[in-house]
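Read through the structure below, which is laid out as C-alpha cells, and then see the notes.
The values are calculated or read from the model by the stated rules, or taken from the named source; none is laboratory data. Small disclaimer: the values here were computed from a predicted structure and weren't measured. Positions of Cβ are backbone-derived with ideal geometry, glycine not excepted, and every protein chain shown enters the neighbour counts.
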Number of protein chains: 2
Amino acid sequence: MRVLGIDCGTERTGYGVIESDGQRHRILTAGVVRTSAKSPMEARLLEIFRKLREVIREYGPAAGAVEEVFSAANAKTALKLAQVRGVALLAIAEAGLDCGAYSPLEVKMSVVGYGRAEKSQVQLMVHSLLRPEPAIRSEDACDALAVAICHATRMAAARRWENAE
Amino acid sequence: MRVLGIDCGTERTGYGVIESDGQRHRILTAGVVRTSAKSPMEARLLEIFRKLREVIREYGPAAGAVEEVFSAANAKTALKLAQVRGVALLAIAEAGLDCGAYSPLEVKMSVVGYGRAEKSQVQLMVHSLLRPEPAIRSEDACDALAVAICHATRMAAARRWENAE
C-alpha cells in the first residue's frame with residue numbers, strides 16, 4: 001500500500017510517499033514545498049496544492065494522511081496552518097484517496113513508541129525504518145514520512161483486527 | 001467589473017457574484033453550498049471547492065473576496081473555518097482572480113457605513129443595493145454579497161485615487 005504523508009506549514013510543507021505492508025516500509029519520495037513569505041497567502045496555497053497534486057499523480061498513493069491542527073500558543077499561526085491543512089485535505093479528497101488524520105502524539109507513539117518523543121527521535125526512527133539514501137535533511141519531509149508511517153501502521157493493524165474477527 | 005464574494009462556513013458557505021462599477025451594483029448569482037455534518041471534512045472541502053470553481057467558470061469574475069478569520073471564542077470552530085477559507089482562497093488563486101480579504105468590520109463599514117452593524121442591517125442594505133428578485137433568504141448568501149460589494153467599492157475607490165494622483 002502506498003501512503004502519502006503531509007506535514008503542513010505556511011512556509012514549508014513537507015511531503016513523503018512510502019510503500020508499506022504496515023510493518024516494512026520503503027520510501028518512494030520525500031521533499032518540501034517552500035513558499036515565499038512575500039507571496040500572498042492564496043498564491044502560497046496554490047503552490048502547495050499544485051505540488052501535492054503532482055506528487056499524487058506521480059506516485060499514485062492509495063491513502064493520504066495529515067496531522068491535526070491544534071490552536072497553539074499563537075492562534076494566528078494556527079489559523080494560517082489550518083488554511084494549508086484545508087488545501088492538503090482537498091488534494092487528498094480530489095484524488096479520491098483514503099484520508100487519515102492524526103494528532104502529533106499519535107504520530108510519535110506510532111513511530112517512536114513514545115508520545116512525548118523529541119523531534120530528533122522522530123527523525124532518527126524515520127531514518128532507521130526507511131534507510132533513505134542519502135539521508136533526509138529536511139525536518140518537514142521527515143515529519144511527513146512519520147505521518148505516512150503512522151497511517152500505514154494503523155491501517156495494517158485495523159485490517160488485522162478485521163481479519164481476526 | 002465582476003466580483004465574487006465568499007462567506008466561508010463549514011456547514012454553509014455562501015457565495016455571490018455581482019457586476020459593479022463601484023457605485024452601482026447588479027447581482028448575477030447568489031447561493032449557498034451546504035455540506036453534511038456527517039461527511040468527513042475532506043469531502044466537505046471538496047464539495048465547497050467544486051461549487052466555487054463552477055461559479056467562477058460560469059460567471060467569470062475578475063476578482064474574488066473573502067472575510068478574514070479570527071480566532072473566535074471557539075478556537076476549534078475558527079480552525080475548521082480556516083480550512084474552508086484555505087480552499088476558497090485556492091479557488092480564487094487557481095482561477096487567476098484578484099484576491100481581496102476584509103475583516104467583518106470593514107465589510108460592515110463598506111456596506112452599512114457602520115462597523116458594528118447588526119446582521120439584519122447588512123441584509124437590509126444588500127437588498128437595498130442589489131434589489132434581488134426574489135429576495136435572498138440565505139443569510140450566508142447575503143453575507144457573501146456584502147463581501148463582494150465591499151471589494152468592488154474598495155477597488156473602485158483605489159482606482160479613483162490612482163487616477164487623481
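Tabulated data
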read-out	value
Residue satisfying all of: in segment A:128-146; farther than 9 Å from residue A:15 by Cα and under 15 Å from the mean Cα position of the chain (by Cα); surrounded by the fewest Cβ atoms within 10 Å (Cβ to Cβ) among these	A:139
Segment A:87-108, subset more than 18 Å from residue A:18 (Cβ to Cβ) and out of contact with any Phe, Trp or Tyr (no Cβ under 9 Å at 6 or more places or on another chain), residue farthest from the other protein chains (Cβ to nearest Cβ)	A:105
Top-ranked residue of segment A:49-62 - restricted to ones that are in a helix (DSSP H, G or I) and out of contact with any helix residue (DSSP H, G or I) (no Cβ under 6 Å at 6 or more places or on another chain), ranked as nearest to the other protein chains (Cβ to nearest Cβ)	A:50
Segment A:71-86 - residue that is of a type outside the set (Ser, Thr, Tyr) and at the interface with chain B (Cβ under 7 Å from one of its Cβ atoms) and, of those, farthest from residue A:50 (Cα to Cα)	A:75
Qualifying residue in segment A:35-48 (condition: charged (D, E, K, R) and facing chain B (nearest Cβ under 8 Å))	yes
Residue in segment A:109-123 that is away from every other protein chain (no Cβ under 14 Å), of a type in the set (Gly, Ala, Ser) and in contact (Cβ under 8 Å) with a residue 60 or more places away in the chain present	no
Filter pass, residue A:4 being within 30 Å of residue B:92 (Cβ to Cβ), in contact (Cβ under 8 Å) with a residue 12 or more places away in the chain and within 15 Å of the chain's Cα centre (by Cα)	yes
Condition check for residue B:57: basic (Lys, Arg) and at pLDDT 95 or above	yes
